[in-house]
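Written below as structure tokens is the structure these notes are about.
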Amino acid sequence: MRYLTMTCLLLGICLGAGAQVQVKHLRCEDLIDPLGLGEFHPRLSWQLQGPAQGLMQTAYELRVGAWSSGRVASDASVGVRYAGPALEAGHAYTWQVRVWDNQGHVSPWSSIATWRMGLTDWKARWIVPGFEDTVGSPCPYFRKDFSLHKKIKSAVLFITAHGLYEAHINGARVGDAFLAPGWTSYKHRLAYQAYDVKDLLHDGDNDLGAVLGNGWYRGFIGYAWNKEVYGHDIALLAQLDITFVDGSTSVFATDASWQSSTGNILSSEIYNGETADERLAPANWVGVVEKDYDKSNLIWTENQPIRKHETFNVVHSITTPKGEKVFDFGQNLVGWVVLKVRGNAGDTIRLSHAEVLDKEGNFYTDNLRGAKAQDTYILRGGSEETLEPHFTFHGFRYIRFDKGDTRPEDVQAVALYSDMPKTGTWACSDTLLNQLQHNIQWGQRGNFLDVPTDCPQRDERLGWTGDAQVFSRTATFNMDVHDFFSKWLKDVSADQLPNGIIPCVIPNVTDCDFGSAGWADCATIIPWNMYLAYGDTSILRNQYSSMKAWVDHIRSVSTNDLWNKGDHFGDWLFFRPWDDNSGMSAVTDKYYIAQCFYIHSCDLLVHAAQVLGFSADVASYSSLLARIKAAFLREYVTPSGRLVSSTQTAYVLALQFDILPDSLRPRAVDLLVANVHTYGDHLTTGFLGASYLCPVLSRFGHTDLAYTLLQQETYPSWLYPVTKGATTIWERWDGIRTDGSLETPTMNSFNHYAYGAIGDWMYRVISGIDTYEDGPGYRHIRIQPHPGGRLTHAEATYETAYGVVYSGWSLSGRAVTMHVRIPANTRATVFVPGAASPVEVGSGEYTFEGSL
Ligand code: BGC
């Protein structure tokens, strides 16, 4: 093995030789220049950039307003807690950093970043319309007129709603967030948003207003079509705080002086879509009613809002065999369609949304179940109108015009999802795998809509805990999901039942609350995955009592250390031939699975207790762990090492969770490999086994077989849907069957990210980018690519909190060339194929030569 050092060769991002260290990419609570911060000791992070290899920070100085930390001898550059004077609600702060490095340089001061604290003292009162308003009524509008006659220094609108809101000032939309205030466990936690609106105000008369939709608060939600889950009334809470250049202030807040009306939006429901009559505008304003609703549940918005992202033009205009006019956007996405139309007043356009065409090529909506997913517009007439909905979203690739129509060039689909920074790219020499990666990323985009949802199209769209759990590690590679999951996990805690059970969906809007194995374990698995990916102990600290309550719950319902009762989803959607005379169905005993997850959750609790220094818990839960592993061996393993269920999932869980003693592992691995061969090198796993199958095979020396499974093109496999034209991950391995027919419409989503959990293996094993637990959050990076399968090259980039990691390899015969990039202020252990031992490196760009 030979390795060369190459600076500035690969990614074209570098400073000129001799340039000294610089500080970039300042984040406060992982956000750039946040407004409305509710954390009074915020975590501050920055990145070092410089041409030197092995660049490390040795000290930093923080300046926040007039306060300086002084020179702090520390290598911490991620998640440094602000420790200056007490921060004041509503105030804006500027901050800068400079660092000293291990090469004897001090950086210039970084450019200035900002944050503004949120509100703690609301002057605003909750208001509801002054007329009868209920589910099914047109969306209510609110407004307040006021005059301004002084020069404005700053103007911030703090706003939230029961329901969804869109705010306007002087006719212009406030901000670019959609479906605000997002979805949380509203009774406990309702987020408000803060917007800088200075530029929307002017001297003289102004008006501030908002329109509300039912959203998750009051509209139909859950497969049982519950409504008014959180309350009967939708309501507005808004406060505009203005500071003038002369130092005086004004507040315009919702109260009895506001007015209400209805306007163009006749109905809007998440599942059913929206109907708007553009001939109508708010008129005949009447008063409002103040309400004494709770404000103690108000929280700042710690995660990125839902914003608009990619747009898609029509790629095919189709007339189906049924004679219907259908447009194809070429990508299954989540969002809505924007139309530009010109017509007569009263003309109606109605469009329906669908993910697929059926075998005959007809528009297919049966799999949406009860969700109508239709948007209807009645035109104002005259000039061109731009039409789009406000308080709904659809999962679709195709639209059909049910009434009226437009030209394809007047139609655009726009994707909406939480605005998490994109962090990862992955590509290789196999175009099918590249499409799989594309599908994984689009599965994530479509289902990370403030809450991690199972699917975005049918009458479900819920925060199913198991789906989120299996996909969470993969999610960290594609996007920065720190804030997204930090927020959602607080809802997990908020909705956890007093007995420790985690309901099936979070926020909890169903009566499904039995704490299923592999689903409720999101309480332990996701915090741990976030800790590994971001090195942030505060997520573990925040979740610790919830993690512990969940493990304690399992213990409380166990008998003789076995979790052997209760309802469980099991290895959901495992391989099961429809005429199973051969006994090939891959059924894994549900209580076997439950015991595996009991062990795993307990193990992660011990790990978290170790990180947080809770030594008494480390001792007590370690002894519980030993007992429940012993109980597993007694109950589920034969003396010769066979497992009670002879399925891939059974072997994978026992091996992944370190349940089997060393002596039994080789046999279990052999049986797993044999099992895969029995199915002609196909997977048979459901939701719980699929994410661990390739990692376990790799860990125990069978990466070759893992590749065979990954590159398998026939059903059941990850690539089978790709060969059928999938542009997202499907709920089922055979959403479209081999004969072209569609699986049962009652459960056949074409945008369900769970099986996309293979993405984790693609980044961590094929490209070999991982973090060590002794330096979580990629402080200590592991680079260990595994060339294999039919690939001749693969590469991945991953933006960690410290900067970009790159790992790419290519093969020429049996010779491997590896390119690696490591960010400043981290170190990496690099395993080069064929090398006797790994190489330790610091930041920089490197080329290594190895061999298979
Ligand atoms: C959802 C799943 C979920 C499951 C529970 C389904 O209806 O779509 O993804 O995990 O129920 O097994």
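The values are calculated or read from the model by the stated rules, or taken from the named source; none is laboratory data. In this text, all values refer to a predicted model and were calculated from it rather than measured experimentally. With ideal geometry, Cβ positions are generated from the backbone for all residues, glycine too; neighbour counts draw on all protein chains shown. Ligands, DNA and RNA are excluded from the accessible area calculation, which covers all protein heavy atoms including side chains. Shrake-Rupley method; radii C 1.70, N 1.55, O 1.52, S 1.80 Å.
List of remarks:
- Number of positions in the range 133-149 that are in contact with a helix residue (DSSP H, G or I) (Cβ under 8 Å, 6 or more places away or on another chain) and open to solvent by 60 Å² or more (accessible area, probe 1.4 Å): 0
- Conditions (1) crowded, with 22+ Cβ neighbours inside 10 Å; (2) within 22 Å of Glu799 (Cα to Cα): number failed by Ser538: (1)
- Scanning the range 541-562 for residues that are open to solvent by 10 Å² or more (accessible area, probe 1.4 Å) and within 20 Å of the chain's Cα centre (by Cα) yields a single hit, Asn542.
- Criterion violated by Lys372 - all others in (1) open to solvent by less than 50 Å² (accessible area, probe 1.4 Å); (2) over 16 Å from Phe329 (Cβ atoms) satisfied: (1)
- Set Asp760, Asp670, Asp770: member being modelled with pLDDT of 95 or more, in a helix (DSSP H, G or I), more than 16 Å from the ligand (Cβ to nearest atom) and surrounded by fewer than 24 Cβ atoms within 10 Å (Cβ to Cβ): Asp670
- Annotation note: Cβ proximity below 6 Å between a residue of the range 566-593 that is in contact (Cβ under 8 Å) with a residue 60 or more places away in the chain and in a loop (DSSP other than H, G, I, E, B) and a residue that is within 16 Å of the ligand (Cβ to nearest atom) and open to solvent by 50 Å² or more (accessible area, probe 1.4 Å) (sequence gap 6+ or interchain) occurs for Gly570/Lys590.
- The condition of being of a type in the set (A, V, I, L, M), touching a Cys at 6+ places or on another chain (Cβ under 9 Å) and crowded, with 20+ Cβ neighbours inside 10 Å does not hold for Ala801.
- Residues that are part of a strand (DSSP E or B) and polar (S, T, N, Q), drawn from the range 247-306: Thr249, Ser250, Gln259, Ser260, Ser261, Thr262, Ser267, Ser268, Thr275
- Candidate set: the range 419-447, residues that are closer than 20 Å to Val481 by Cβ and assigned to a loop (DSSP other than H, G, I, E, B); chosen: the one farthest from the ligand (Cβ to nearest atom): Pro421
- Val211 fulfils the conditions (1) within 30 Å of Val135 (Cβ to Cβ); (2) out of contact with any helix residue (DSSP H, G or I) (no Cβ under 7 Å at 6 or more places or on another chain); (3) surrounded by fewer than 19 Cβ atoms within 10 Å (Cβ to Cβ) except for a single criterion, (3).
- The number of residues in the range 183-206 that are more than 11 Å from Leu157 (Cβ to Cβ), in a strand (DSSP E or B) and either open to solvent by less than 50 Å² (accessible area, probe 1.4 Å) or modelled with pLDDT under 95 (or both) comes to 4.
- Some residue of the range 56-75 being outside any loop (DSSP other than H, G, I, E, B) and within 30 Å of Gly209 (Cβ to Cβ): no
- Taken over the range 674-697, the criterion of being more than 16 Å from the ligand (Cβ to nearest atom) and open to solvent by less than 20 Å² (accessible area, probe 1.4 Å) is satisfied by Asn675, Val676, Leu683, Thr684, Leu693, Cys694, Val696, Leu697.
- Here Asp450 passes the criteria (1) surrounded by fewer than 23 Cβ atoms within 10 Å (Cβ to Cβ); (2) more than 16 Å from the ligand (Cβ to nearest atom); (3) among the acidic types (Asp, Glu); (4) more than 22 Å from Met547 (Cβ to Cβ) except the one numbered (1).
- The set of residues in the range 464-505 that are part of a loop (DSSP other than H, G, I, E, B), in contact with a helix residue (DSSP H, G or I) (Cβ under 8 Å, 6 or more places away or on another chain) and either open to solvent by 10 Å² or more (accessible area, probe 1.4 Å) or within 10 Å of the ligand (Cβ to nearest atom) (or both) comprises Gln496, Asn499, Ile501, Cys504.
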